[in-house]
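The values are calculated or read from the model by the stated rules, or taken from the named source; none is laboratory data. Everything quoted here is computed from the prediction, not taken from an experiment. Reconstructed Cβ throughout: ideal geometry from the backbone, glycine too, with neighbour counts over all protein chains shown.
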Amino acid sequence: MSGSTTDSAPENEHDGSSETAEPSAQGAEEKVTAVRRVSEAGRRWRAAQLAGCAALLAVALTGGSIAIGALRDGGTATVASSSSSAVSPGLMASGDLDAGIRALQAHLRGQPKDFGSWATLGLAYVEQARTKGDPSRYPQAQQALKKSLELKADNEQGLAGLAALAAARHDFKDALAYADRVLKQNPYSERALSSRIDALVELGRYDEASKAADLADERRPGIPVFTRYAYVHELRGDVRTARTVLEQALSTATTPGDIAYVATALGQLAWNQGDYDTALTDYARALAADDAYLPALEGRARAQAANGDRAAAIKGMEAVVARYPLPGPLVGLGELYEDRGADGDEAKAKDQYALVDAWTALARANGVNADLDTALAAADHGDKASALRAARAEWARRHTVHTADALAWALHVNGRDKEALPYARQATATGYRNASFLYHRGIIELAAGDRKEGRSHLGSALKLNPGFSPLGAREARKALKEASK
Amino acid sequence: MTPISRNGSGRSSLATLICGALAATGLAAAGVATLEPGAASASSHREAPLISGDPQHDNTDLYAFVSPDKPDSTTIVANWIPFEEPGGGPNFYQFAEDAQYDLHIDNNGDGQGDLLYRFTFKTHVKNKKSFLYNTGAVESLDDPDLNVTQTYDIELFQLKNQKVKYKTKLADDIPVAPSNVGKASMPNYEKLRDQAVYKLPNDSTSFAGQADDPFFADLRVFDLLYGGNLTEVGNDTLKGYNVNSIALQVPTDMITESSHQPVVGIWSTTQRRNAQGYYSQVSRLGNPLVNEVVNPLKDKDKFNASAPWDDAQFLKNVTNPELPKLIEAIYKIPAPKEPRNDLVDVFLKGVKGLNQPPYVRPAEELRLNTSIKPTDSPKRLGVLDGDNAGFPNGRRLTDDVIDASLQVVEGELVGSKNDLGDAVDKNDKDFEKSFPYVALPTEGSRGPLAKGTSSGNDVRNQLGDALSPAGASGSGDNMSLIAGSAGAGAAGIVLIGAALMWWRRMRRRAY
């Protein structure tokens with residue numbers, strides 16, 4: 001259980017996990033047989049079965065922790081000595097989120113009517129989910145926020161927390177509505193101003209997002225707003241402004257969480273422009289602040305891969321996937337294996353892709369909407385039809401450059417290039433410098449018969465970020481060569 | 001954890017792989033437990049931090065008093081960066097380079113600034129490859145072993161109707177006193193601090209650097225009483241924490257309107273450079289506790305962004321304050337009758353005949369009548385205790401503004417006599433007798449103070465004394481203060497704690 005994401009969680013949760021870990025290990029053996037049996041029955045069935053395995057496992061693993069609920073996971077023994085610490089004011093911002101959460105839990109045991117602290121706790125859970133890739137915190141966050149709003153209806157902190165939670169769950173319409181409710185009460189709320197930008201960006205309402213970012217910047221300049229401001233500019237292709245603002249943010253970042261986040265954003269920006277050395281420096285800065293920060297570990301692996309250091313990249317990505325098997329890193333790792341092509345690598349790669357399938361199935365089986373990454377992963381390495389379904393569903397919800405790109409690519413892999421073309425164009429229309437989008441567009445244009453445009457966009461993709469994906473870049477080069485014949 | 005079995009077939013390892021990976025992450029928990037769309041979040045959108053610290057741009061306290069050892073001068077002390085842990089390396093505590101730290105003076109009572117002292121800081125790193133704050137024992141401010149240093153400039157603006165009429169640079173590149181890293185690194189910190197006291201050309205003096213947080217209050221009392229166990233003592237107070245301080249001593253006649261109108265209104269702000277390159281005001285502080293206790297939550301951010309001449313918008317918060325009603329609801333201490341014009345005087349206009357300027361426009365400023373001579377024996381409750389040289393006539397470092405403000409809010413000035421307080425009556429460290437008056441910062445080598453078990457002047461001992469249940473041997477003064485409040489003492493402590501927690505939390509915006 002070395003990869004447990006609840007490393008800071010108090011004893012009873014640990015106990016719960018280790019108790020349930022054993023049966024699941026036994027279960028794993030049975031599942032091996034199950035998988036063998038099922039493997040003959042075709043891909044779809046296999047995925048379903050795997051999902052079943054995963055779901056069973058999940059129940060076994062987490063029944064305890066869910067039942068324990070929001071407060072209990074603070075444990076009781078751990079806090080006795082540390083006083084009923086009234087949410088030591090610096091704690092939450094000081095970077096030690098786990099300690100902050102424990103202090104809040106302890107405080108709320110004695111002060112269950114403190115609606116502000118309930119809201120803080122809810123928000124802290126959302127933050128923990130974000131930094132640790134542990135979405136099991138979301139229901140706990142919801143409980144805490146609900147409690148806060150029960151104690152005091154419409155309180156600003158509670159509503160702002162709900163906005164953040166909705167955004168984290170990709171329910172951006174709700175996030176926007178909550179943010180607007182907060183801003184009506186308090187037009188200067190940093191959190192609501194930030195949530196509003198996020199929601200507008202994710203809904204693809206870029207002009208409004210840009211205005212919201214300017215307004216937020218005028219009212220509450222600071223790291224939360226700067227990072228959003230930079231992203232809004234990056235999405236429009238204004239890399240320079242994005243970099244300047246992120247550097248400004250980094251220069252005033254004081255907590256490890258802030259430093260890791262901002263430095264990682266700088267790394268991602270540099271990587272997107274093909275500047276791998278800068279990206280590696282930025283990621284090193286992030287990891288110096290927080291050596292377990294997953295987005296930085298993932299970004300570093302990608303930059304190492306792009307820079308030709310495949311061994312380090314694989315090692316790094318394996319570590320990420322071991323802790324956070326989301327579609328993005330899984331596909332990244334699978335492609336790295338495929339690219340290496342050593343003995344057994346193909347099987348290993350397939351394992352990763354199958355894991356994406358399992359993850360998708362697991363998510364679906366539980367009513368979770370498959371995410372964009374899932375659609376992209378499935379388009380390249382999974383069930384093409386389901387990729388298209390997912391992409392369409394996401395497009396129906398929101399029209400962003402990301403959903404346009406995913407839909408275009410899903411249409412393409414299903415052989416519907418003419419339909420794909422307008423979406424591919426839409427994905428690149430804002431000027432966002434993303435090599436993968438350009439690559440998708442180029443391939444689709446070639447397939448639709450527009451050789452000139454296709455060549456041009458493939459060329460742009462490779463020029464911008466030649467290591468954007470080990471396999472994608474190889475494909476892009478091949479297609480470009482053929483199209484130039 | 002690399003769950004790939006070497007000898008198994010790709011497929012046989014798959015189940016192990018999946019189960020292993022899911023087990024390792026708790027991701028499964030999300031899927032199964034929540035049954036809600038989107039709960040299993042992926043990385044397709046940026047998820048920025050929800051909890052960001054911004055202490056560098058956070059005004060914590062403002063003090064203004066007639067200099068006790070130099071009565072023809074006025075001293076202003078403004079603090080930033082609350083809760084500095086001594087030994088908070090590796091970078092320690094610096095003023096922000098993207099900020100303008102401003103002290104405003106209104107000398108005619110119209111709510112607009114007439115003078116503005118602006119402090120801006122630059123950071124210098126001698127060895128850019130080193131993350132170390134110092135690379136050896138630091139003997140002086142220009143010691144090459146002090147790797148990270150800061151300097152500051154001071155500008156003075158004269159304003160009319162909020163427009164700059166005249167602007168002068170008072171000083172360039174003055175050294176800042178460093179964070180007190182500890183005895184090994186800074187064997188004689190006092191010497192470093194003395195070197196950072198800087199004479200300005202016009203008989204003014206300035207200082208910027210780390211200091212002991214002069215604010216004193218007990219945050220722990222809050223919990224303890226709620227917990228109902230007075231013998232259990234906490235260990236988390238402001239004691240032992242440092243702040244970054246700017247102190248300015250100026251000849252009084254430079255800041256007053258005339259000798260006939262000696263009342264000045266003072267407030268401090270922080271402006272931060274935004275992404276578009278402009279400066280936005282992100283923090284504001286005049287009187288202690290106003291934004292924290294008087295303004296309701298929804299107005300706190302607006303207050304921080306606003307200026308005194310617009311304070312009419314907050315008038316209702318003062319005339320009909322939330323806090324006494326809250327206290328009444330919870331602790332049955334009757335709230336004084338509204339509208340609270342007594343609070344308008346204290347917080348917005350100054351007390352008539354004491355520190356209220358003629359033709360005053362209600363505005364939240366720390367108002368100081370500079371013609372009142374400093375006293376040799378200051379009383380901690382200031383004006384409430386007949387000592388007109390203290391709060392709310394300006395604010396001295398020793399003034400117990402928590403007790404005084406609470407008593408005023410609970411109606412001390414309108415017939416509701418009370419002795420509410422927090423049982424912490426003075427700072428743990430003595431203040432200096434001369435400029436910059438603030439106490440030396442607690443040094444890093446003292447160890448982790450928040451844990452509170454250091455030897456010597458232990459937090460625990462002091463608190464234990466203050467909080468011993470009746471009958472136990474405790475500090476007589478504190479006990480009588482609590483007991484003397486007509487049964488409301490305990491409640492007073494609780495609510496003060498609550499207000500303070502609220503205050504400090506808002507200040508830090510730590511939620």
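Figures for the structure shown
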{"read-out": "Residue identified as farther than 30 Å from B:F92 by Cβ, touching a residue at least 12 places away in the same chain (Cβ under 8 Å) and within 18 Å of the chain's Cα centre (by Cα) among A:R300, A:R323", "value": "A:R323"}
{"read-out": "Output for segment A:319-332, where each listed residue is more than 22 Å from A:A263 (Cα to Cα) and either surrounded by fewer than 24 Cβ atoms within 10 Å (Cβ to Cβ) or touching a Lys or Arg at 6+ places or on another chain (Cβ under 9 Å) (or both)", "value": "A:A322"}
{"read-out": "Filtered residues of segment B:104-139 (kept if closer than 30 Å to B:N287 by Cβ and in a loop (DSSP other than H, G, I, E, B))", "value": "B:N107, B:N108, B:G109, B:D110, B:G111, B:Q112, B:G113, B:D114"}
{"read-out": "Given (1) of a type outside the set (G, A, S); (2) in contact with a helix residue (DSSP H, G or I) (Cβ under 7 Å, 6 or more places away or on another chain); (3) surrounded by fewer than 24 Cβ atoms within 10 Å (Cβ to Cβ); (4) over 19 Å from B:P296 (Cα atoms), number of the condition B:V383 does not satisfy", "value": "(2)"}
{"read-out": "Only listed residue being more than 10 Å from chain B (Cβ to nearest Cβ) and modelled with pLDDT of 85 or more, chosen from A:A322, A:A375, A:A349, A:A387", "value": "A:A387"}
{"read-out": "Unique residue being under 30 Å from B:N274 (Cα atoms), hydrophobic (A, V, I, L, M, F, W, C) and in a helix (DSSP H, G or I) when the list is A:A347, A:A358, A:A284", "value": "A:A284"}
{"read-out": "Count - residues of segment A:230-247 that are more than 19 Å from the chain's Cα centre (by Cα) and surrounded by 23 or more Cβ atoms within 10 Å (Cβ to Cβ)", "value": "3"}
{"read-out": "Pick from segment A:199-211, criterion under 23 Å from the mean Cα position of the chain (by Cα) and without any contact (Cβ under 8 Å) to a residue 60 or more places away in the chain, ranking: nearest to the other protein chains (Cβ to nearest Cβ)", "value": "A:A199"}
{"read-out": "Output for segment A:248-261, where each listed residue is under 20 Å from the mean Cα position of the chain (by Cα) and more than 27 Å from A:G308 (Cβ to Cβ)", "value": "A:P256, A:G257, A:D258, A:I259, A:Y261"}
{"read-out": "Residue satisfying all of: in segment A:187-198; at the interface with another protein chain (Cβ under 8 Å from one of its Cβ atoms) and within 19 Å of the chain's Cα centre (by Cα); farthest from A:V401 (Cα to Cα) among these", "value": "A:S194"}
{"read-out": "Total residues in segment B:281-316, condition of a type in the set (K, R) and in contact with a helix residue (DSSP H, G or I) (Cβ under 7 Å, 6 or more places away or on another chain)", "value": "3"}
{"read-out": "Tabulated pairs, segment A:394-414, first part of a helix (DSSP H, G or I), second of a type in the set (D, E, K, R) and buried (at least 24 other Cβ atoms within 10 Å of the Cβ), C-beta under 7 angstrom, 6+ apart or interchain", "value": "A:T403/A:E394; A:A406/A:E394"}
{"read-out": "Residues of segment B:280-304 that turn out to be within 17 Å of the chain's Cα centre (by Cα) and assigned to a helix (DSSP H, G or I), as a count", "value": "9"}
{"read-out": "Pairs with Cβ under 6 Å, 6+ apart, first in segment B:418-443 and closer than 19 Å to B:K199 by Cα, second β-branched (V, I, T) and modelled with pLDDT of 90 or more", "value": "B:F435/B:T205"}
{"read-out": "Condition met for B:F347 (among the aromatic types (F, W, Y), assigned to a helix (DSSP H, G or I) and within 21 Å of B:G265 (Cβ to Cβ))", "value": "yes"}
{"read-out": "Top-ranked residue in segment A:136-157 [being touching a Phe, Trp or Tyr at 6+ places or on another chain (Cβ under 7 Å) and of a type in the set (S, T, N, Q); ranked as nearest to A:D171 (Cα to Cα)]", "value": "A:Q140"}
{"read-out": "Segment B:376-396, residues that are in contact with an Asp or Glu (Cβ under 9 Å, 6 or more places away or on another chain), among the basic types (K, R) and more than 16 Å from B:L406 (Cα to Cα)", "value": "B:K379"}
{"read-out": "Test: residue in segment A:190-208 that is at pLDDT 90 or above, touching a helix residue (DSSP H, G or I) at 6+ places or on another chain (Cβ under 9 Å), over 30 Å from A:V320 (Cα atoms) and outside any helix (DSSP H, G or I)", "value": "yes"}
{"read-out": "Every residue from segment A:441-462 that is surrounded by 24 or more Cβ atoms within 10 Å (Cβ to Cβ) and closer than 22 Å to A:H233 by Cα", "value": "A:R441, A:H457, A:A461"}
{"read-out": "Cross-chain or 6+ apart pairs with Cβ under 9 Å, segment A:418-437 first and under 17 Å from A:D450 (Cα atoms), then in a helix (DSSP H, G or I) and among the aromatic types (F, W, Y)", "value": "A:A420/A:W409; A:Y423/A:W395; A:Y423/A:W409; A:A424/A:W409; A:A424/A:F437; A:T428/A:F437"}
{"read-out": "Residue within segment A:250-270 that is polar (S, T, N, Q), out of contact with any helix residue (DSSP H, G or I) (no Cβ under 7 Å at 6 or more places or on another chain), in contact (Cβ under 8 Å) with a residue 60 or more places away in the chain and facing chain B (nearest Cβ under 8 Å) present", "value": "yes"}
{"read-out": "Cβ pairs under 6 Å, 6+ apart, first in segment A:225-237 and more than 8 Å from chain B (Cβ to nearest Cβ), second charged (D, E, K, R)", "value": "A:G237/A:R433"}
{"read-out": "Residue in segment A:305-315 that is without any contact (Cβ under 8 Å) to a residue 60 or more places away in the chain, within 11 Å of another protein chain (Cβ to nearest Cβ) and not hydroxyl-bearing (S, T, Y) present", "value": "yes"}
{"read-out": "Search result, residues across segment B:350-372 that are touching a residue at least 60 places away in the same chain (Cβ under 8 Å), assigned to a loop (DSSP other than H, G, I, E, B) and under 18 Å from B:V318 (Cα atoms)", "value": "B:G350, B:Q356, B:V360, B:R361, B:P362, B:A363, B:E364, B:E365"}
{"read-out": "Search result, residues across segment B:146-170 that are touching a residue at least 24 places away in the same chain (Cβ under 8 Å) and more than 28 Å from the chain's Cα centre (by Cα)", "value": "B:K160, B:N161"}
{"read-out": "In segment B:245-279, the residues that are part of a loop (DSSP other than H, G, I, E, B) and aromatic (F, W, Y)", "value": "B:Y278"}
{"read-out": "Members of segment B:305-320 that are within 12 Å of chain A (Cβ to nearest Cβ) and assigned to a loop (DSSP other than H, G, I, E, B)", "value": "B:S306"}
